[in-house]
Amino acid sequence: MSAAITILGQHLLNGVLIGCAYALIAMGLTMIFGVMNIANFAHGEFYMLGGFLAFYLVSLMGLNYFAALPVAVVLVVALAVILQHAIFRRLRDAPMMTTTLVTIGLSIFLEHVALLLWGPQPQSIPTPFPTKPLSFFGVYTTPLYLFCMAVTAALILVGHLLIRRTRMGKAMRATFQNKEASALVGIRIDRIYMYAFAFGAALAAAAGAVLGGFIPVEPTTGGIITLKAFVVVILGGMGSFVGAIVGGLLLGLAEALGAGYMPTGWKDAIGFFAVILVLLFRPEGLFKRV
Amino acid sequence: MSDTGRQRLATAAVCVALFAVPLVVHDEYYLHLFIVSGVFVVAVLGLDLIVGYVGQLSLAHAAFFAIGAYTSALLFVRLQWTMWLGLPSAALFTGLVALALGSVILRTRGHRFIIITVVFAELMRLVATNWVDVTRGFMGLPGLQVPKLYLPGLGAINIASKERFYYVVLVAAVLAYFACRAIVRSSIGRKFVLIRENEPLAESLGISAFRYSMIAFVAGAALAGAAGSLYAHYVGFVSPDLFNFSYVTIMLIMVILGGKGTLLGPALGAVLFTFLPELLREASHWRMIIFATILIVATLFMPRGIIFPLVEHLVPRRWRVRNAGAA
Amino acid sequence: MHALKLTLAVAVSLALAPLAVAQETVRIGVVQPTTGPVAYDGNIYVNTVKMLVDDMNAKGGVLGKKIELVVEDGACNPAQSVNAAEKLVVRDKVVALLGAFCSTSTAAVMEVAKKHKVPLITGISTAAQLTEQGNPYFFRAVATTPMLGNAFGPVLPKAVKAKRFAFLTLNDDWGRSMQASYPKAIESGGGQIVANEFFQQSDLQFLSQITKVKAANPDAIVLAANTQQAVALSKQIRELGVTVPLIGEGSWTSDSYIKLAGPAAEGVYGLVEYVYTIKSPINEAFVKEFQAKLKENPSKFAGAAHNAIHIMVDAIGRAGAADPEKIRTALEQTDYNGLVGNIKFDAKHQAYGQTVYLAHVKSGIPEVVETATIAKP
């Protein structure tokens, strides 16, 4: 009996670990979607770049692991700012098909540049954590897993506070609700867009850098990550940050438990079935827009 | 010669050129590329209906192509149905799948619609990969064949050679083109465009966006399914790789860069973007980087696409048929 | 006028030059994934073949002519592999084909080989049904997973000192074939199967499956995975507190795996058709040359390439002419002694008679601890 509980506990812990990651990535996507009204198909590529840059900083340039993570994120943010300035600034009032096609093109572009620069080999980031597992009542985890959970949870909290408490966050939410009115009261829309895009990219890159320690990153990883992020966002309600967080955790847990007690081949399908159910019975998602 | 006369001559010249391809081109490799182009012409014409004319970005189209391929393959492998039965069945089944999917998602708009189409495609890929009992998963379904053509008086004609199969695909592409042209030139086509340009106005006139989008969605899917069937029998093999996102990408490039909403644009796009990647075989990653860049630049600065405007430019002003479809 | 004639003459000879060159070399086509998810191993294969062909050409080539390799990227994608093969056969007029690495791509290329009547050897694709289709132009120079299982299954319980075996494999024809064929052989050696789990090719984390396997309390875990997933699997298995020995089919003894997996690679057993620590004069020379020119130890894909190209060239030599039909007949009569022992083909063109190895990774080096010979199926 207690063995079954231990196994359940293990599945739950696995689910929370992955769920935190999903939540973080989906928050970034929601940020970009919510403020700029762009479905960022290149979101997974920000995750991938975060991972790869962290890998190169640590393994090839010998940078300290804890320094490399923020540096990798800053580099991706720099890229995001450049992209916003060069491309997305022009798409402020563009139709949805245009913006979507551009992000799809961007996704392909970044993936193949990564393939060209770094080859298809998957890389995991060398971490300074001891690899010996820790166990609590028979449930196993490692210092690295705990670090991942702590960092992702912290970033989610930071993101949440940013949206809710700061002036910037309020400005973003205002833009989100009514662009014209916000512009009229003096909110600089271009600035807000830049912050939203940069922050969204930063969250994805952070997830990639942190998780890259135990989930190898390869240039083609972006696609699956984007898909999972979209699933979470639809489940949680497009444009709701709380929805992204709760949706991410729920998806992680659902996948872990589903895989744990069902044939594992269909693990990924859980999210997709959930999306269809949501669409049929509650199209706005589980949470309303913020 | 009069204008109409010159126009007729030009059209005739194009037809003759298309029919003469296998007589002039003997290189099997190039014939192979022409055949694959033709298959994609059928598929992207269908995509143009929903993306170009109704204006909804569906990323499920490549999945419909693959579903058509698998349907035809399964009917061949399990029931020994030849392509003559398999193709219409594939088109029909794919259309039904689109009907089911559409009834759930065509009421949503905006980004949610686009994302759902991606989710659907991914789900189909999982089914193809995991439902091993039916689809044999990764092992795929090999051994598909091109059937013989039975004509009264002439008996069974072998059409499996590239020279001959080219004509099969040519006929399919021409039929698809005229079918789509008939749709877009009819009142249905005008309603598509009205929905694209001003949906609230259309609704207020009693034109149901849901119903007309559904027509485009199902018709487009059926064409994709038919194309998939042709492809499956020609290549001889289907596997879950057909559900890769790369097919979505290339079809989008064909339609967008070809010129969405023009039929001819995407058709030319299909040919160009079948030949181009093969000719640029060596530069694999650079090739995709360049395509992606062109896609971004064209979307930003050339919303009417590249190919169609170019072709239109070459056609004398007097001949240009007012194209109601072009965006 | 004179200038015009000269230009014409030059143009004509330039146009005819390729034809002239074609008769002077024996052209072999190679379809391998030089891009895509398995590109690393695909490139190793290609570089090995190139290195060995250079050696052969230095010794005079075959049939008195130089061997010319034409390599095309199949990317382990069936459609692309078909295009690659068509180009090689139709445009480059190769007389033989090697490829295409992944079983699904090889299955597709097989059809091209049959259509154009050009012999094809694969040294890597192990999906059982490839040799069941009666394609007379297809030859497989590697043992399939069931054959490997039959050779080693009975030995495993004693060799790794385990009774309860759990399976954790890729959910494709390879992994499924392993889980279908190995259990009987392991049971005949006194073992017991306690779990059967799968993961997808796109999976990056395996925590759920590992947890399920752990719940079954195995003494050893048998896996089928290639480098990228093998690395993640080994690490995550250890991170979840599972300490039992891992036995893997795939790239579990290659340099890249051992380096990337780090401490998690220690103690891993690999079921391989080739490993660089084999003690034989042919292998030692091969390893030395490989280390000098390609700067790493040859992996099983390099071994596969060695077999494939040598068997093909051997057959071309015995055929007496660079004629695909004659080469095909010569292949059927292969009795080749090489890197991994003696290889012959049975009626279905499946290789048998070669030696296979159980290697144990100790301090980063995969030592051979057991060998077996592949029986005629």
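Here are the numbers:
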| quantity | calculated |
| --- | --- |
| Unique match (being more than 14 Å from chain C (Cβ to nearest Cβ), at pLDDT below 90 and within 22 Å of the chain's Cα centre (by Cα)) among B:ILE207, B:ILE157, B:ILE105 | B:ILE105 |
| Test: residue in the stretch C:47-59 that is under 29 Å from A:GLU111 (Cα atoms), surrounded by fewer than 21 Cβ atoms within 10 Å (Cβ to Cβ) and either assigned by TED's automatic domain parsing to the domain that holds C:ALA113 or in contact with a strand residue (DSSP E or B) (Cβ under 8 Å, 6 or more places away or on another chain) (or both) | yes |
| Residues of the stretch A:102-122 satisfying the condition of being modelled with pLDDT under 85 and either within 8 Å of chain B (Cβ to nearest Cβ) or touching a Gly at 6+ places or on another chain (Cβ under 9 Å) (or both) | A:PRO120 |
| Residue among C:ALA20, C:ALA79, C:ALA107 that alone is modelled with pLDDT of 85 or more, part of a helix (DSSP H, G or I), of a type in the set (Gly, Ala, Ser) and not assigned by TED's automatic domain parsing to the domain that holds C:MET178 | C:ALA107 |
| Helices (runs of 4 or more DSSP H) within the stretch A:161-216 that include 3 or more residues modelled with pLDDT under 85 | A:167-177, A:179-184 |
| Count of residues meeting criterion [under 21 Å from A:ILE215 (Cα atoms) and either more than 9 Å from chain A (Cβ to nearest Cβ) or touching a helix residue (DSSP H, G or I) at 6+ places or on another chain (Cβ under 7 Å) (or both)] in the stretch C:254-273 | 12 |
| Test: residue in the stretch B:106-116 that is closer than 23 Å to B:LEU144 by Cα, surrounded by fewer than 24 Cβ atoms within 10 Å (Cβ to Cβ), of a type outside the set (D, E, K, R) and out of contact with any His (no Cβ under 7 Å at 6 or more places or on another chain) | no |
| Residues of the stretch B:131-154 satisfying the condition of being surrounded by 20 or more Cβ atoms within 10 Å (Cβ to Cβ) and either among the polar types (S, T, N, Q) or in a helix (DSSP H, G or I) (or both) | B:THR135, B:GLY137, B:PHE138, B:MET139 |
| Residue check, B:ALA128 part of a helix (DSSP H, G or I), within 14 Å of chain C (Cβ to nearest Cβ) and crowded, with 21+ Cβ neighbours inside 10 Å | yes |
| Condition check for B:THR94: of a type in the set (S, T, N, Q), in contact with a Phe, Trp or Tyr (Cβ under 6 Å, 6 or more places away or on another chain) and away from chain C (no Cβ under 14 Å) | yes |
| Helices (runs of 4 or more DSSP H) completely within the stretch A:1-101 that count 2 or more residues being away from chain C (no Cβ under 14 Å) and over 19 Å from the mean Cα position of the chain (by Cα) | A:65-86 |
| Filter result for the condition that a residue is within 18 Å of the chain's Cα centre (by Cα) and in a helix (DSSP H, G or I), over B:ALA202, B:ALA227 | B:ALA227 |
| Qualifying residue in the stretch C:190-197 (condition: out of contact with any Ser or Thr (no Cβ under 7 Å at 6 or more places or on another chain) and among the charged types (D, E, K, R)) | no |
| Segments classed as helices (runs of 4 or more DSSP H), wholly inside the stretch B:1-80, with at least 3 members that are closer than 27 Å to C:VAL90 by Cα | B:3-24, B:28-48 |
| Candidate set from the stretch C:50-76 (those that are of a type in the set (A, V, I, L, M, F, W, C) and in a loop (DSSP other than H, G, I, E, B)); member that is farthest from the other protein chains (Cβ to nearest Cβ) | C:LEU63 |
| Count of residues meeting criterion [crowded, with 16+ Cβ neighbours inside 10 Å and among the polar types (S, T, N, Q)] in the stretch A:166-197 | 2 |
| Test set (1) surrounded by 21 or more Cβ atoms within 10 Å (Cβ to Cβ); (2) under 30 Å from C:GLN229 (Cα atoms); (3) touching a Gly at 6+ places or on another chain (Cβ under 7 Å) - A:ILE163 fails condition number | (2) |
| Options A:GLU255, A:GLU218: the member that is crowded, with 23+ Cβ neighbours inside 10 Å, closer than 30 Å to C:VAL38 by Cβ and acidic (Asp, Glu) | A:GLU255 |
| Pairs, first more than 9 Å from chain A (Cβ to nearest Cβ) in the stretch C:228-243, second polar (S, T, N, Q), C-beta under 7 Å, six or more apart | C:ALA230/C:SER251 |
| Failed condition for B:ILE157, given (1) closer than 23 Å to B:THR71 by Cα; (2) surrounded by fewer than 13 Cβ atoms within 10 Å (Cβ to Cβ) | (1) |
| Exclusive hit being within 11 Å of another protein chain (Cβ to nearest Cβ), more than 26 Å from A:THR141 (Cβ to Cβ) and buried (at least 18 other Cβ atoms within 10 Å of the Cβ), set A:GLY200, A:GLY239, A:GLY260 | A:GLY239 |
| Hey, A:ILE125 over 18 Å from A:TYR193 (Cα atoms), crowded, with 16+ Cβ neighbours inside 10 Å and of a type outside the set (D, E, K, R) or not | yes |
| The one condition in (1) within 26 Å of C:ILE258 (Cβ to Cβ); (2) among the hydroxyl-bearing types (Ser, Thr, Tyr); (3) not in a loop (DSSP other than H, G, I, E, B) that A:SER135 fails to fulfil | (1) |
| Criterion violated by C:GLU197 - all others in (1) over 23 Å from the mean Cα position of the chain (by Cα); (2) away from chain A (no Cβ under 14 Å) satisfied | (2) |
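Residue by residue, here is whether (1) under 21 Å from the mean Cα position of the chain (by Cα); (2) farther than 28 Å from C:LEU130 by Cα; (3) among the hydroxyl-bearing types (Ser, Thr, Tyr) holds:
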site: C:PHE290; (1), (2), (3): yes, yes, no
site: C:LEU294; (1), (2), (3): yes, yes, no
site: C:GLU325; (1), (2), (3): no, no, no
site: C:VAL340; (1), (2), (3): yes, no, no
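The values are calculated or read from the model by the stated rules, or taken from the named source; none is laboratory data. What you see is a predicted model; the values in this text were computed from it and never measured. No Cβ is skipped: glycine too gets one built from the backbone with ideal geometry, and neighbour counts run over all protein chains shown.
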